[in-house]
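J.: Sharing a structure below in C-alpha cells format, with a few things to ask.
The values are calculated or read from the model by the stated rules, or taken from the named source; none is laboratory data. Owing to the predicted nature of the structure, the values given are computational and were not obtained by experimental measurement. Here the Cβ is made from the backbone with ideal geometry for all residues, glycine too, and neighbour counts use every protein chain on show. Surface areas here come from the heavy atoms of the whole protein model, side chains and all, with no ligands, DNA or RNA. Shrake-Rupley method; radii C 1.70, N 1.55, O 1.52, S 1.80 Å.
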Protein chains: 2
Amino acid sequence: MVTIEDVAREAGVSISTVSYALSGKRAISEETRRRVVAAAERLGYMPKAAARALAGKRTHVIAVTTPLHADTDHSAHMAFAMAVTTAAREHDFDTLLLVQDDELEGMRRTAATLLADGIVVLDVAADDARAELARQLRCPVVFVGVPTDNEGLTCIDLDFERATEEAVEALRTAGHRSLALVSQGQDVIDRASNYPLRIERTFVAAAERHGLEARIVRPRPDTSTGVVEALLDEHPDVTGLVLSTRSEVADAVGPALERRGLRVPEDMSVVAVGMTPEPGRQPLPFDSFPLDPQLTCPAAVDLLVGIIEGRVVPGGVQLVPPVHQARGSVAPVRMRDVR
Amino acid sequence: MVTIEDVAREAGVSISTVSYALSGKRAISEETRRRVVAAAERLGYMPKAAARALAGKRTHVIAVTTPLHADTDHSAHMAFAMAVTTAAREHDFDTLLLVQDDELEGMRRTAATLLADGIVVLDVAADDARAELARQLRCPVVFVGVPTDNEGLTCIDLDFERATEEAVEALRTAGHRSLALVSQGQDVIDRASNYPLRIERTFVAAAERHGLEARIVRPRPDTSTGVVEALLDEHPDVTGLVLSTRSEVADAVGPALERRGLRVPEDMSVVAVGMTPEPGRQPLPFDSFPLDPQLTCPAAVDLLVGIIEGRVVPGGVQLVPPVHQARGSVAPVRMRDVR
DNA sequence: CTGTTAGCGCATTCAT
DNA sequence: ATGAATGCGCTAACAG
C-alpha cells in the first residue's frame, strides 16, 4: 500500500509538500508540483479515504435517504439516486445509500459517526419525520421535495403549481373548456410526497379561475386501465386531459382512447405533469412538464456541497421552474365539441 | 462531538476498555461492560467511522457497481442495489453507490483509497470489463451474475438453465408440444447480462431433447406489443409460452391473448423465467421462476463479508436453484389442440 | 515557497 | 480483567 510518505521520498520532498501539491491548498512551485505529481502517478498513489477524513474532517461522501414503501416505484427512485450520485461525483463526492426500513436511524448514524459530510433526502412526504430529524442533526441536509413543515430546512423541488398552471393554460389556449385530471391513487395522495395533492389543488383552482369545467379521477390501486374508460363514459364532453399519475396508468391512456376511436390530439388533447421519465422505456407520447431528476438533483447536490464547504447559507425553499416538452399532443378543440 | 475518551472518563475506565467493551473483542467483566455501555448511551457515543477505519483497517462499507446503459431498466437495478444495501446492514455494513459512466474508474478508486472493504458487482455482462479489473484489485469482489471468463472470480447467480428447464418441463408435462419463448430484444442479447442467451440456448436444447417444437421471438427495441400478435399469426399451433423479456412486453401478453379470445390457461399456458418482480407494480399473473434479487443479493453479501473477514475463501461460481411461483397459468393442453 | 510537527479518534499490542 | 502506549495515513497549523 503506497502512502504519502512513499511519494515524498520518491519526489524528494516533505510529506506536507506532497499533500499541498496534490490538494492545491497552497502555492507550490510549478517545478516541484510536477515532480510530486509524477512521483504519485508513478507509484499509483491515492490518499486513503479514512486517513484523509480523520485528519481533514471531511469524508467527501454524501448520504442519500430514500424511504421504500412496499408500493413505491423503484424506477423513479433509482433515477433520483443516480442523478444525485452523478452530480456528487462532479464535486468529487461519493454517495452512500441509506435505504433501511428506518431511514431515521440511518440518518442519525451517518451524522453521529461522521460517515458522510451531508445528506440528501429524497422522496419527501408532506409529513416527513426526516424533517424534524434534520433540524436536530448537526449535519447539513438538503431535501429534494418540500415537507409541509419546512421551517429551517433547505429544500429544492420542481414548481408543480406552475407546471400545472401552464398545463391548464395550454389546454385553455387551445380552446378546451372541459378538462380532467388523471391523478394518483388515494393511497399515494394520502401518504406519499405531497406534490400530487398540490397538483390537484392547483388544477382545480386554475380551471375555476378560467371558468373551465374540471374533474379529477383517481385510479384505484389495483387497476391501471379502466380509469380513463370510466371517465369518458361519464363525461364524453371532456376534450383535454392532464396526466399526473402512475406510469402504468399513463401508458394505458393511449390505448384506451384508441379503443374508442379517439385520436390524439385531434379528438383529445393530453398534457402530462410531474411524471418522471423512465430511462429504457419509451417516453410518453404527450406534451409534458416532467419531474425530471436532472432538474432538481444536481442543484440539490450543488447546494449541499456549498453548505458543507461553508459557501452557502442553509435554509429556504427553492422551486425550479418547469420545462415544457412539446410532443404535439395538444391541438385546438374541434368546432363540434365546443357547441 | 463525543469521543471514546469522554466515555472512558464518564465510565471511569481506560479507553481501551471502552473499545473492547463495545466491540466485544475481548473479555470484559459484566460489571464494567454495563458501566461502559451505560456511559456510552448516556453520552450518545458512536465511534467515528474514519477513526475506526484508519485504526482498524476496515471501513464497514461495501461498494456496489451498476453500469447504467441508456436503455437500462432502472427498476430492476434499484431492486438489486437495495437488496444489497439491506443485506449489508444485517452485517453492519453500509453501501456506497458507484454508478458513474466509467465503472472501472470507480472500482479502482474505491480499492485504491480503501473507501470500501469490498465490492459487489451487479448487472454483469457476458464480456464484462470489470471481471479483468477485479482480478487485478487487491479488494474482495463478488459478482452477482457470471461473466464468461470467470476464472478466479467469485460469482453468484440464479440457475437460469435449471429455471428454463423446469419451465419447459412444466409445459411438457401438461401436454404442450409446441412452445415459444418470448425473449429479449437483440440489443440486450448482444450486450447485456448473458443470462438471456443462456435461457435461449437452454430452451432450445430442452425442447429438442423432448421432441417439442420450439420457437424464439425477440421484440424489437421500440415495440412492446406486437411480438405476441405476430407470433400467434405465424404459429397458431403454439399452446405454451415461456416469457423472459422486458416487463412491458410481458405486460402486453395478457391483453394480446385476450384480444384474440385466448384465455390463460385454458387456451394458452404461460410461464415466466428470470423476470424480476417490480415492487409497486402488479405481479405478472403467470407461473414464474423469478430472478428475485432476494435470491442472490443477500447470499452475495454474505459471501463478500465472509471473504472480507477471512472466513471464506474467494473464487468459484455459485448457482442458486430457482423457485417456482405457481399462479395457475399452466393447464393441460386441450384435446383439439393436440391432434 | 517548503519543511516540521502535532494531532484527528480509535484499535490494538504490550504490559500488568 | 484492565491500562498505557503506539501508530494507522493524512491535513493543517506553525516555523522558517
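J.: Output the number of the condition that A:Arg108 fails; it satisfies all remaining conditions of (1) within 21 Å of the chain's Cα centre (by Cα); (2) free of Cβ contacts under 8 Å to residues at least 40 places away in the same chain; (3) more than 16 Å from DNA strand D (Cβ to nearest atom); (4) open to solvent by 10 Å² or more (accessible area, probe 1.4 Å).
T.: With (1) within 21 Å of the chain's Cα centre (by Cα); (2) free of Cβ contacts under 8 Å to residues at least 40 places away in the same chain; (3) more than 16 Å from DNA strand D (Cβ to nearest atom); (4) open to solvent by 10 Å² or more (accessible area, probe 1.4 Å) applied to A:Arg108, the lone miss is (1).
J.: Quick one: B:Leu96 ticks every box in (1) within 16 Å of DNA strand D (Cβ to nearest atom); (2) within 7 Å of chain A (Cβ to nearest Cβ); (3) not in a loop (DSSP other than H, G, I, E, B) bar one, so which box is it?
T.: Failing condition for B:Leu96: (1).
J.: Checking B:Arg34 against (1) under 30 Å from B:Arg9 (Cβ atoms); (2) assigned by TED's automatic domain parsing to the domain that holds B:Ala111, which single condition isn't satisfied?
T.: (2)
J.: Out of region B:111-136, which residues are more than 15 Å from B:Cys155 (Cβ to Cβ) and open to solvent by less than 30 Å² (accessible area, probe 1.4 Å)? So that I can check it myself, show each step before the final result.
T.: Residues of region B:111-136 more than 15 Å from B:Cys155 (Cβ to Cβ): B:111-117, B:129, B:136.
Answer for region B:111-136, where residues must be more than 15 Å from B:Cys155 (Cβ to Cβ) and open to solvent by less than 30 Å² (accessible area, probe 1.4 Å): B:Ala111, B:Thr113, B:Leu115, B:Ala116, B:Asp117.
J.: Evaluate region B:216-238: report whether one residue or more is polar (S, T, N, Q) and at pLDDT 90 or above. First the steps, then the outcome.
T.: If we filter region B:216-238 for residues that are polar (S, T, N, Q), which is where we start, we get B:223-225.
In the following step, the residues that additionally are at pLDDT 90 or above were identified as none.
Scanning region B:216-238, I find no residue that is polar (S, T, N, Q) and at pLDDT 90 or above, so the answer is no.
J.: How many residues are farther than 23 Å from A:His60 by Cα and part of a helix (DSSP H, G or I) if we restrict to region A:17-35? Full working, then the answer.
T.: Here is the first cut: in region A:17-35, the residues farther than 23 Å from A:His60 by Cα are A:28-35.
So of that shortlist, the ones also part of a helix (DSSP H, G or I) come out as A:30-35.
Matching residues across region A:17-35 total 6.
J.: Take the residues in region B:1-27 that are more than 8 Å from DNA strand C (Cβ to nearest atom) and open to solvent by 40 Å² or more (accessible area, probe 1.4 Å); name whichever of them is farthest from A:Cys139 (Cα to Cα).
T.: B:Ala27
J.: Can you tell me which of (1) exposed (fewer than 15 other Cβ atoms within 10 Å of the Cβ); (2) more than 12 Å from chain A (Cβ to nearest Cβ) is the one B:Glu90 doesn't meet?
T.: (2)
J.: Could I ask something else about it? With respect to A:Ile28, is the statement that it is more than 9 Å from every other protein chain (Cβ to nearest Cβ) and more than 24 Å from A:Pro293 (Cβ to Cβ) true? Quick ask: steps written out before the conclusion?
T.: On the way: more than 9 Å from every other protein chain (Cβ to nearest Cβ): yes; more than 24 Å from A:Pro293 (Cβ to Cβ): yes.
When the stated conditions are applied, A:Ile28 passes them.
J.: I need the full set of residues from region A:16-74 which are more than 23 Å from B:Arg109 (Cα to Cα) and more than 32 Å from the chain's Cα centre (by Cα), in order please. First the steps, then the outcome.
T.: To start, the set of residues in region A:16-74 that are more than 23 Å from B:Arg109 (Cα to Cα) comprises A:26-32, A:65-74.
Answer for region A:16-74, where residues must be more than 23 Å from B:Arg109 (Cα to Cα) and more than 32 Å from the chain's Cα centre (by Cα): A:Arg26, A:Ala27, A:Ile28, A:Ser29, A:Glu30, A:Glu31, A:Thr32.
J.: Restricting to region B:251-301, name every residue that is farther than 27 Å from B:Ile119 by Cβ and of a type in the set (Gly, Ala, Ser).
T.: Restricting attention to region B:251-301, the residues satisfying the condition of being farther than 27 Å from B:Ile119 by Cβ are B:251-273, B:280-289.
B:Ala252, B:Gly254, B:Ala256, B:Gly261, B:Ser269, B:Ala272, B:Gly280, B:Ser288 - these are the residues of region B:251-301 that are farther than 27 Å from B:Ile119 by Cβ and of a type in the set (Gly, Ala, Ser).
J.: For region A:27-63, which positions are free of Cβ contacts under 8 Å to residues at least 40 places away in the same chain, more than 8 Å from DNA strand D (Cβ to nearest atom) and touching a helix residue (DSSP H, G or I) at 6+ places or on another chain (Cβ under 6 Å)?
T.: Answer for region A:27-63, where residues must be free of Cβ contacts under 8 Å to residues at least 40 places away in the same chain, more than 8 Å from DNA strand D (Cβ to nearest atom) and touching a helix residue (DSSP H, G or I) at 6+ places or on another chain (Cβ under 6 Å): A:Ile28, A:Arg33, A:Arg35, A:Val36, A:Ala39, A:Ala40.
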